[in-house]
Amino acid sequence: MISQEDKEPLIGATVIVKGSLSGAETDLDGHFMLEVDPDAKFIIVDYIGMKQAQVPIPKSGILNVALQPEAMNLDEVVVTGYGNFSRSSFTGSANTLRADLLKEMPVVSIEQKLQGMTSGVNITGSSGQPGANASIRIRGMGSFNASNEPLFVIDGVPVTSGNLSTGSGSEASYMNNAKTNIMSTINPSDIENITVIKDAAAASLYGSRAANGVILITTKQGSKGRTRVTLNASAGFSDAAVDFRPTLNGEQRRELLYEGLVNYAQDQIAKDPASFTQTPEEYANANIGAYTSVPALGYTDWKDVLMRQAVHQNYEASVSGGSENTTVYSSLGYQKQEGLVENSSMERYSGRFNVQQKIGKRGEAGANLMFSQVNQEMNEERTSSINPFYCMAVATPPSYPVFNEDGSYANTYPGTNVNPLRDMRTDYNRVRMTRIFGTAHGAVEIIKGLKLKEVLSYDYSIQKDARYFNALSGAGPKSGSDAQSSKGFIEYGKLISSTSLNYVRTFANKHHLDVLAAYEAESFQTDKAAGEKSKMPSDQLFEPDNAAVINSFVSSTQDYRLLSYLTRLNYDYDNRYYIAGSFRRDGSSRLAPEHRWGNFWSVSGMWHLGAEDFMKAVKPVLSDVKIRASYGVNGNQPGSYYGYMGLYSYGKNYMDNPGSYESTQANPNLKWEKNYNMNLGLDLAFIDRIFVTLEYYNRDTKDLLYNRPISATTGFLNYLGNLGQLNNKGVELEVRSLNISNADFNWTTVLNLTHNKNKIVALDGNLDQVVESSWFIRKIGLPFNTFYVKEFAGVDPSSGNALYYKNTEDENGNLDRTLTQDVNEAQAVPYKQVDPKISGGLTNILSYKWFDLAFTLSYSLGGYSFDKTGTYIETDGASEGNRNLPIYELDRWQKPGDITDIPRFVLGRSDKVSGGSSRFVHSTDHLRLKNLTFGFTLPHNWTDKVLLDKVRVYFSGSNLLTWAKWKQYDPEVPVSGEVFCETPPMRTFSFGVEVNF
């Protein structure tokens, strides 16, 4: 007895003679023996996770059976953290991704595996550096100031996620959007499955931490039977997923600047002929050298100088097995991934040990232990002359040299000692994160159906930062002409205890009852210190201890506590009518005593219509129908641990004495932010091959946590309070189909689609809008991330000048759509929104004999981004004299009658383009081949000769192809929608081999 998918023996499969009680189980090698009557015709074979098979009994008495995976089984397990349920009995909204859907993706962090794989989940990165932090939104954003990230739960225990850095001046991540993602400490190959909980039915059990959904990760466990050893090795290379901001080469730029000088002279002559003694061409020839000289070593291709083809390698070994009472899974892993530039990389060492032990007939115990260390080096990403991507797109034109003729580093920027390549090779921003996460649990069945369980976990992380700037460095945070060195640490520790009592019984074969009560306590503490010194004695001594002058030193210790009481009840009658309810009461030290406790609850139900007798007639076509509904409340606590308190801060020097000041305005009325979540779901199955899930949700967030502005005469600019309301509503569709399923060929398809509409319902009191930064507006009735810009109307074909709609408002509220060439006459208006109207993915999984293929296409339609970089390099000549120019400047207006959206270029013009213009708003519509894996498993008659169970060679890739409407930068933009010079995502090619024995 083997699995058709991987040709491995199936241990413990049940074999029964059809029409009798005679049966057997397969042994460790998948073998079985069974005596049958001469009249017996068929045997029935059952195995968990496989399709039941009815097989004719051969006359020879020798039978080989290969079972097909139950890939599309609606009864797959939904893991909720407070009990596991079959999908057919789960009343809430959740998606489970099994290991076979996630394997061999060449990713560093587990969040990257989810993109395009499940509806309602949107994942964006602020940086494409290896190990960088990601932003995850489940059914939209639900908060102004509090966290919008989901809760991560590993093996039933909530864990720390996101990044540990605070972004203060002496940290390695200060000039960096990446920041080390703590979830990158987890080896993705240790994951058995991932469940995404989207509604209140299960999420409310997590109370104050589940307002933005829950992602539950189940790690691999051992299984009874013979010990299996798996070795996996892969390596490959990476480049940018899209061509990052293509710019003009040296000759193209020189030609454009020359044209800009000619146009400038023409305009000046037209204004005052007497003021110009030169012809436009004479003026351009006399001045072009000041803007774009030809270097002695030729023009520089800065993209070729600063970027590289990155390489990566990954090695893993795991051991799994066990007896009837004890099972063990252990693994070791090593991964190294280079970034797209020299000073960007990530290296991870990981280890895991999971053990489960049965104790007698009623007891069980287990422990999961993970150790990981991540070493990350990060390139700068903000407005700095050594941010390599800022250099490529903006700051270093082709006429700026890298080297002198003698091979030494040139002073790249005129009048400075800065050289981006030298500084990248000498400066560093390094992080070392060490994490130990251990969970122990024990359970005893007191009486039949009543189980007492205790779980104790500790999640410990320490991050050490080191940073160095050489004396000549152009790094953003560096000040003065001295080298600077800084070091620091951030230490996090979270202790969680959970005690639960669970009663599960079935009465009269039709009444199924599951009741849970639990008490939980969470204690969290963080400690940090960081300092910076300057005046280093040598460029070979980097430790701060060697420096003479202390520039800064900061330190802090913070903690919080969370106590919780919770209960849950699930009941169903005859597997047809289901009701469920939960209640949780959380007390948080982050809130004042009078508002400390919050109540969170949910109710849900389901009618399994397909189990009704009147549905039998249509079962050959409509195999199953389920209708679900849920409503509940969960919450969000302040990100600040002491936000309700009035605080004093110290550390100031007052005439050589300790000084203090009031740093935080007290707000004893600060309370929970609450999320009210409704979900309606319909599940359909057709001909046992096509499975459709359609869901509608409405999510209201009230009492939003926000830094409320107050008069500066109080000594403060704002204080943390509750205000406003935010709404998300949408529709999700998932279609899963088993297209082909036979002994040789299997083909499964999963399509998911999400539409989410976000809007602000209320702000502070009578306030109906707030303009933030230069191009965003928060306005009632509009999405939170809405652009507020002057509307660009193209280019006047006769003059080449930019056109704008005036958009001034009359007394009736109507907008004046008259065109103007004077940007100052145009009024900014709410324009487009960041969030896409539709997003999702299409996954196909195929296998033919020894070959397997899986790929996922992700897509997004209707979203927009704002190109902040464009405000630097699209000023039509006002600021580009010492900057790069984008490739689309080749399409500029040059003569009357030209039809284009790139205005006439006038170098030195005084009428600078407005930064807050819709000219810089671009579509993020795209289709991307997100992941692809192709493998070949060697036939068993080959591997048996070398005493191996399985050998599989494979290719895998990520971000392999991208079709985007706007091609200047990657369409998967940061969650805010504002794009600058962040590190672009990587396109990765990986080749590997997996061996089992």
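The values are calculated or read from the model by the stated rules, or taken from the named source; none is laboratory data. All values derive from a computational prediction rather than experimental measurement. Because the Cβ atoms are built from the backbone with ideal geometry, glycine has one as well, and the counts that use them run over all protein chains shown. Ligands, DNA and RNA are excluded from the accessible area calculation, which covers all protein heavy atoms including side chains. Shrake-Rupley method; radii C 1.70, N 1.55, O 1.52, S 1.80 Å.
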Could you tell me which numbered condition Val625 fails, if it satisfies all but one of (1) of a type in the set (Val, Ile, Thr); (2) at pLDDT 90 or above; (3) open to solvent by 50 Å² or more (accessible area, probe 1.4 Å)? (3)
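Would you check if Asp835 is in contact with a helix residue (DSSP H, G or I) (Cβ under 6 Å, 6 or more places away or on another chain), closer than 15 Å to Gly977 by Cβ, among the charged types (D, E, K, R) and in contact (Cβ under 8 Å) with a residue 24 or more places away in the chain?
Values: in contact with a helix residue (DSSP H, G or I) (Cβ under 6 Å, 6 or more places away or on another chain): no; closer than 15 Å to Gly977 by Cβ: yes; among the charged types (D, E, K, R): yes; in contact (Cβ under 8 Å) with a residue 24 or more places away in the chain: yes.
It is false that Asp835 is in contact with a helix residue (DSSP H, G or I) (Cβ under 6 Å, 6 or more places away or on another chain), closer than 15 Å to Gly977 by Cβ, among the charged types (D, E, K, R) and in contact (Cβ under 8 Å) with a residue 24 or more places away in the chain.
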Scan the stretch 584-606 and report the pairs whose first residue is among the hydroxyl-bearing types (Ser, Thr, Tyr) and whose second residue is part of a strand (DSSP E or B) and crowded, with 23+ Cβ neighbours inside 10 Å, with Cβ atoms within less than 6 Å and a gap of 6+ or a chain change. Ser602/Ser582; Ser602/Gly632; Ser604/Ala580; Ser604/Ser630
Quick test for you: out of Tyr206, Tyr258, pick the one residue that is touching a residue at least 12 places away in the same chain (Cβ under 8 Å), part of a helix (DSSP H, G or I) and surrounded by fewer than 20 Cβ atoms within 10 Å (Cβ to Cβ). Tyr258
Per the list (1) within 30 Å of Arg892 (Cα to Cα); (2) part of a helix (DSSP H, G or I); (3) under 23 Å from the mean Cα position of the chain (by Cα), residue check on Val242 breaks on (2)
If Ser958 satisfies all but one of (1) of a type outside the set (D, E, K, R); (2) modelled with pLDDT under 95; (3) touching a Ser or Thr at 6+ places or on another chain (Cβ under 8 Å); (4) more than 26 Å from Ser189 (Cα to Cα), what's the number of the condition it fails? (4)
Answer yes or no: is there a residue in the stretch 488-509 that is under 35 Å from the mean Cα position of the chain (by Cα), buried (at least 20 other Cβ atoms within 10 Å of the Cβ) and farther than 30 Å from His441 by Cα. yes
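Name the strands (runs of 3 or more DSSP E) wholly inside the stretch 825-936 in which the number of residues that are surrounded by fewer than 21 Cβ atoms within 10 Å (Cβ to Cβ) is 1 or more.
Values: elements: 829-833, 838-848, 851-861, 864-867, 921-923.
Counting at least 1 such residues, we get 829-833, 838-848, 851-861, 921-923.
Does Thr396 qualify as being buried (at least 23 other Cβ atoms within 10 Å of the Cβ) and hydroxyl-bearing (Ser, Thr, Tyr)? Step through it out loud before you land on a result.
Numbers: buried (at least 23 other Cβ atoms within 10 Å of the Cβ): yes; hydroxyl-bearing (Ser, Thr, Tyr): yes.
Considered against the rule, which asks whether it is buried (at least 23 other Cβ atoms within 10 Å of the Cβ) and hydroxyl-bearing (Ser, Thr, Tyr), Thr396 comes out as yes.
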Among (1) of a type outside the set (Asp, Glu); (2) part of a strand (DSSP E or B); (3) farther than 30 Å from Tyr577 by Cβ, Tyr631 falls short only on (3)
Just need a number here: residues in the stretch 790-814 that are free of Cβ contacts under 8 Å to residues at least 12 places away in the same chain and within 22 Å of Phe776 (Cα to Cα). 2
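Here's the yes/no breakdown for (1) at negative phi; (2) open to solvent by 40 Å² or more (accessible area, probe 1.4 Å); (3) charged (D, E, K, R):
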position	(1), (2), (3)
Tyr565	yes, yes, no
Arg568	yes, no, yes
Asn575	no, yes, no
Ala592	yes, no, no
Ser604	yes, no, no
Met615	yes, no, no
Ser630	yes, no, no
Asn634	yes, no, no
Go through the stretch 843-901 residue by residue and tally those that are among the aromatic types (Phe, Trp, Tyr), within 30 Å of Phe934 (Cβ to Cβ) and under 23 Å from the mean Cα position of the chain (by Cα). 2
Quick one: is Tyr696 in contact with a Ser or Thr (Cβ under 8 Å, 6 or more places away or on another chain) and among the hydroxyl-bearing types (Ser, Thr, Tyr)? no
Every listed condition ((1) open to solvent by 10 Å² or more (accessible area, probe 1.4 Å); (2) under 28 Å from Leu297 (Cα atoms); (3) free of Cβ contacts under 8 Å to residues at least 60 places away in the same chain; (4) touching a strand residue (DSSP E or B) at 6+ places or on another chain (Cβ under 9 Å)) holds for Thr426 save (3)
Phe85 passes all but one of (1) within 30 Å of the chain's Cα centre (by Cα); (2) modelled with pLDDT of 75 or more; which number fails? (2)
Here are the criteria: (1) under 18 Å from Asp835 (Cα atoms); (2) modelled with pLDDT under 90; (3) open to solvent by less than 30 Å² (accessible area, probe 1.4 Å); (4) not hydroxyl-bearing (Ser, Thr, Tyr). Tell me which single one Leu723 does not satisfy. (1)
What is the number of the single condition among (1) free of Cβ contacts under 8 Å to residues at least 40 places away in the same chain; (2) assigned to a strand (DSSP E or B) that Ser461 does not meet? (1)
Could you run through the stretch 311-368 and say how many residues are outside any strand (DSSP E or B) and open to solvent by 30 Å² or more (accessible area, probe 1.4 Å)? 7
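Scan the stretch 263-313 for residues that are within 45 Å of the chain's Cα centre (by Cα) and free of Cβ contacts under 8 Å to residues at least 60 places away in the same chain and report the count. Show your work before the answer.
Start the filter on the stretch 263-313 by keeping residues that are within 45 Å of the chain's Cα centre (by Cα), which leaves 291-295, 297-313.
This time we only want the ones that are free of Cβ contacts under 8 Å to residues at least 60 places away in the same chain, so: 298, 304, 308.
Counting residues in the stretch 263-313 that are within 45 Å of the chain's Cα centre (by Cα) and free of Cβ contacts under 8 Å to residues at least 60 places away in the same chain gives 3.
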Looking only at residues in the stretch 940-997 that are in a strand (DSSP E or B) and more than 26 Å from His312 (Cα to Cα), which one is most open to solvent (accessible area, probe 1.4 Å)? Glu978
Kindly evaluate Tyr706 against the criterion of being under 26 Å from the mean Cα position of the chain (by Cα), open to solvent by 40 Å² or more (accessible area, probe 1.4 Å) and under 30 Å from Pro620 (Cα atoms). no
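Have a look at Ala13, Ala71, Ala24 and point out the one that is of a type in the set (A, V, I, L, M, F, W, C), at pLDDT below 70, in contact with a Ser or Thr (Cβ under 9 Å, 6 or more places away or on another chain) and open to solvent by less than 40 Å² (accessible area, probe 1.4 Å). Explain how you work it out, then say what you get.
Values: Ala13 fails: at pLDDT below 70; Ala24 fails: at pLDDT below 70.
Unique residue meeting the criteria: Ala71.
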Please tell me if Ala483 is open to solvent by less than 20 Å² (accessible area, probe 1.4 Å) and within 18 Å of Val305 (Cβ to Cβ). no
Answer yes if at least one residue in the stretch 585-599 is out of contact with any Asp or Glu (no Cβ under 9 Å at 6 or more places or on another chain), at pLDDT below 95, assigned to a strand (DSSP E or B) and more than 20 Å from Leu495 (Cα to Cα), and no otherwise. no
Inspect the stretch 783-802 for any residue being open to solvent by 30 Å² or more (accessible area, probe 1.4 Å), under 30 Å from Tyr696 (Cβ atoms) and not in a loop (DSSP other than H, G, I, E, B) and give the result as yes or no. no
Which ones in the stretch 510-522 are open to solvent by 40 Å² or more (accessible area, probe 1.4 Å) and part of a strand (DSSP E or B)? His511, His512, Leu513, Val515, Ala517, Tyr519
Qualifying residues in the stretch 264-305 (those that are in contact with a helix residue (DSSP H, G or I) (Cβ under 8 Å, 6 or more places away or on another chain), over 30 Å from Ala410 (Cβ atoms) and in a helix (DSSP H, G or I)) - the one least open to solvent (accessible area, probe 1.4 Å): Ala265
